[in-house]
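The values are calculated or read from the model by the stated rules, or taken from the named source; none is laboratory data. This structure is a prediction, so every number in the text was calculated from the model and none was measured. Methodologically, a virtual Cβ is constructed for each residue, glycine included, from the backbone with ideal geometry; neighbour enumeration extends over all protein chains shown.
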Amino acid sequence: MTGELTTTTPVARGVEAPAAAPGRPGGARSRGARRLPPSLVVGAALVGFVALVGLVSLFWTPYALDDTGTGERLAGPSAAHWGGTDRLGRDLLSQLMTGAGNALIVAAASMLVAGVLGVAVGVLAGATRRWVDVTLLSGVDLLIAFPTLLLAMLIVTVRGASLSSAIWAIGISGSAVIARVTRVNVARVLREDYVTAAHASGTGWWGTVLRHVVPNVWPTLLVQLMLLGGGAVLAEASLSYLGLGAPPPNASWGRLLQEAQSTMLVQPWGAILPGVAIVVAVLGLNLLGDGIRERTDPNLRGDR
Amino acid sequence: MRAALLRIGALLISLVLASVVVFVVLRLLPGDAAGATLGVGTTTDQLDQLRSELGTDQPVVTQYVQWLGQVVRGDLGTSFVSRLPVADLITQKLPITVPLSLSAFVLAVLVSVPLGVIAAVHRRGPVGVAVSAVSQLGVAVPVFWVGVLLVLVLALQARWLPAGGFPRTGWDDPAAAVRSLVLPVVTVAIAMSAVMVRYVRSATLDVLDQDYLRTARSLGYGRWHALARHGLRNAAVPVVSILGIELATSLLGAVVIENVFALPGLGTLLLDSVTSRDLPVVQALVLGLTAVVLIMNALVDLGQRAIDPRLRTAEVAA
Amino acid sequence: MTALLSVEDLTVTTSTGRRILDGVSWSLDAGGRLGVVGESGSGKSMTALAVLGLLPEGMRATGRVLLDGEDLLTLPPRRLAKARGGQVAMVFQEPLTALDPLMTVGRQITGPLRLHRGLRGGAARDEAARLARLVHLDDTERILGSYPWQLSGGQRQRVALAMALACEPRVLLADEPTTALDVTVQAEVLDLLDDLVDRTGVALVFVTHDLPVVARVARDLVVMRDGRVVEHTSVGAALAGGEAAYTRELVGAARAVTGLPTSGGPR
């Protein structure tokens, strides 16, 4: 809940640790093996909703972000302003919609950074010489122990507060988990007999990795990336709440919340709605991750 | 014993590595520390003077060795901004951050262990389902929002507790100090519990499926008695591993939450220093917090060894 | 003479309504030796669990399980707990997972001694050592101080036996107690079980898929298939060619693989 930002990293989630997926009724597996897990459906719906709002906000918002309108400040929800207005009279709903786009950009970009970096390191560690493996893994372990928030603060100290600083911090931090997961799975798959056989029959090393390792690893990676995306939205919100995220023209839920905090006794919606938006996005990504795991992991027991 | 020494050796190596990384990353600062401190419009002479004062005209390796030597002697450098020794700045803030994160940690453990166990035992019952659902939701809630909502409801509207700040008199007025820490502690604890309940629940579920619990029942132990006798210790092995991460969470949760409640602790100091690019302070704080996390992880490993004799034997055999 | 333990019309249904056991009935006299055989999935293990009231979550048992005329199925939880271990004890198939890996063998044996007989401290330790010797765990001191995973499979199963016999139960349910063991160790544990039943007078219910094994320790035989009792007879009669076709099939199959004697019963 503190978000991956304040926890060190989501190491444990789903990798080796207990996955507390939402319960399925016992016996549902046998009767409805083809039925999609509820968490997948709900998660996809929530994420789809946030993504749609974010996309729409690129082309249209009810009001322009800097439109102070008739000047009615700190107004509650009304027909004209569904979410009310902020202390400058700007429309809250428009800002929330733009915030959705911002959150999705951060989530997608840090998933990309973490995915590319993590998979590269993981494949290299899992499939090459032992000393490379040991060196890379100790680096990964150190990175896992290094809290995302602290990494972000270091990067912001060096590069200044910006959208890309946040993305790099979250992405690099998340890559450690991705690397760990990839490394474990690559090493496991490469030991399988049929892979050895493929290798022996003359398939090149990269061919082997592409043909056998990638299809085996991607469901696990997808799950981890979704959870990472949830963590990224939380982390970016925390950073921008602290004033270390994207600076003003960008609308970020965390900064909206921070700005509304001082006036929340007059207009509580400004402090409530951005929080709700964050929860919807993060819950959606987490559920989507859990859902994909339930769908793809044959070992997951139905009664959990 | 040998294993413990090895673990401590590994800890020292990661501490050194972490310090190297932090040191090097911060030296990548465009311009450099001197330029960042003095700002625009300074003369080259001033810059050079400050550089030799800071030692930043030396090679990075020399700087690092010098700095490490100072740290070992307890000298963390001097703040660029306030010109005060960093060690003093940090010591001043500890009386707020340490009680805040430790109490949040203890409160979270006290809440989530029983809740997680109950949720596992009654996994299909209404209580179990409710606890799982709430914690699933809780994991998605940002910690600062919890703080903001608690302030809104309990401080601003109900006026039960102060909305923020810390008494100027500090701990000289214990009642006021405690009152100003209640909401922050509860905030961090709620956030941590959401994660921990899930862990405790899963660990307990795993134990509940174990044959030895059935053996205990077959010998006449009641459900809870068998769980207390065999389950808790076995479930503790995975749960302890999360405790290390959770203590780090409580520390970093405190960093964020201090800014919600305007508490002048380490978190506020860190944020101010990052914003003003106060290099020595950022460096000392980031390293200090990382060191706490790494030390906790090492303690957790040793603690697990103490609980689970199999881990001790595995070491000997290896 | 009335039976010590009798199972009458025992039926177990899952939460989805499937019948795992269907009208199972058999009885066991004091000091008797009953073998329950059947393929995996025939419900033989479930019968043992149902007797103790330890069915997996969601399963429900109906019928009667009479111990000395008292129905265990309707007993209040506290009295049922007292009967478990004290009156009816059980030994499970997999001795590694059946023992707590984080607790020394000694403490696991003294647990029930304290629970049922109120023995603690030195008295409990002495009694645990006596039980360990009873199940031929030589090197008693070392074994009581060990963790289960430091012992061999045979030693672990002896520990499980010592725990089960700790409170001098009147009935011992043994669920495939030798299946997870090596063949030579199997023979040792069977001999031990045989010997223990003779010496302590405990009545034995031996559940197994292995007819030759049951022929060695049991006197009476219940043959199960698909949750029902196919035949309830003596081991000798079954070996001589049981009444049910399925029993003859089992005997024939076992004889083809191993040297099953034509007449059985404990030696």
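A few notes on this one:
- Residue that is in contact (Cβ under 8 Å) with a residue 24 or more places away in the chain and away from every other protein chain (no Cβ under 11 Å), where the choices are C:Gly85, C:Gly58, C:Gly63: C:Gly63
Conditions (1) modelled with pLDDT of 85 or more; (2) not in a helix (DSSP H, G or I), marked per residue:
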residue	(1), (2)
B:Pro30	no, yes
B:Ala36	no, no
B:Gln63	no, no
B:Trp67	no, no
B:Ile90	yes, no
B:Leu94	yes, no
B:Thr97	yes, no
B:Phe105	yes, no
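- Close contacts from the stretch C:90-101, counting a first residue that is facing another protein chain (nearest Cβ under 7 Å) and small (Gly, Ala, Ser) and a second that is assigned to a loop (DSSP other than H, G, I, E, B) and buried (at least 20 other Cβ atoms within 10 Å of the Cβ), with Cβ to Cβ under 7 Å and a gap of 6+ residues or different chains, come to C:Ala98/C:Phe92.
- Top-ranked residue of the stretch C:185-238 - restricted to ones that are over 22 Å from C:Arg255 (Cβ atoms) and among the β-branched types (Val, Ile, Thr), ranked as surrounded by the most Cβ atoms within 10 Å (Cβ to Cβ): C:Val205
- None of B:Leu252, B:Leu299, B:Leu285 is in a helix (DSSP H, G or I), modelled with pLDDT of 85 or more, facing another protein chain (nearest Cβ under 9 Å) and within 16 Å of the chain's Cα centre (by Cα) except B:Leu285.
- Among the residues of the stretch C:55-92, just one is under 14 Å from the mean Cα position of the chain (by Cα) and modelled with pLDDT under 85, namely C:Gly85.
- When B:Val185, B:Val148 are checked against the criterion of being among the β-branched types (Val, Ile, Thr), in contact with a Leu (Cβ under 7 Å, 6 or more places away or on another chain) and away from chain A (no Cβ under 11 Å), B:Val185 stands alone in meeting it.
- Per-region count, the stretch C:167-197, residues outside any loop (DSSP other than H, G, I, E, B) and touching a residue at least 24 places away in the same chain (Cβ under 8 Å): 15
- Taking the stretch C:24-38 as the range and being part of a strand (DSSP E or B) and touching a residue at least 60 places away in the same chain (Cβ under 8 Å) as the test, the residues that pass are C:Val24, C:Ser25, C:Trp26, C:Leu28, C:Arg33, C:Leu34, C:Gly35, C:Val36, C:Val37.
- Hits in the stretch B:189-244 - residues which are at the interface with another protein chain (Cβ under 7 Å from one of its Cβ atoms), among the acidic types (Asp, Glu) and farther than 18 Å from C:Met163 by Cα: B:Asp206
- Filtered residues of the stretch B:107-148 (kept if in a helix (DSSP H, G or I) and either surrounded by fewer than 18 Cβ atoms within 10 Å (Cβ to Cβ) or in contact with a strand residue (DSSP E or B) (Cβ under 9 Å, 6 or more places away or on another chain) (or both)): B:Leu110, B:Val111, B:Pro114, B:Pro126, B:Val127, B:Val129, B:Ala130, B:Ala133, B:Val134, B:Leu137
- Screening C:Asp126, C:Asp100, C:Asp138 for residues that are of a type outside the set (Gly, Ala, Ser) and modelled with pLDDT under 85 leaves exactly one candidate, C:Asp138.
- Among the conditions (1) outside any strand (DSSP E or B); (2) more than 30 Å from C:Ala166 (Cβ to Cβ), the only one that C:Val223 does not satisfy is (1).
- Residue selected from the stretch C:1-23 under the condition outside any strand (DSSP E or B) and under 23 Å from B:Gly220 (Cβ atoms), by the criterion nearest to the chain's Cα centre (by Cα): C:Leu4
- Scanning the stretch C:31-46 for residues that are touching a Leu at 6+ places or on another chain (Cβ under 6 Å) and of a type outside the set (A, V, I, L, M, F, W, C) returns C:Arg33, C:Gly35, C:Gly43.
- Scanning the stretch C:139-175 for residues that are buried (at least 21 other Cβ atoms within 10 Å of the Cβ) and among the charged types (D, E, K, R) gives C:Arg156, C:Arg158, C:Asp175.
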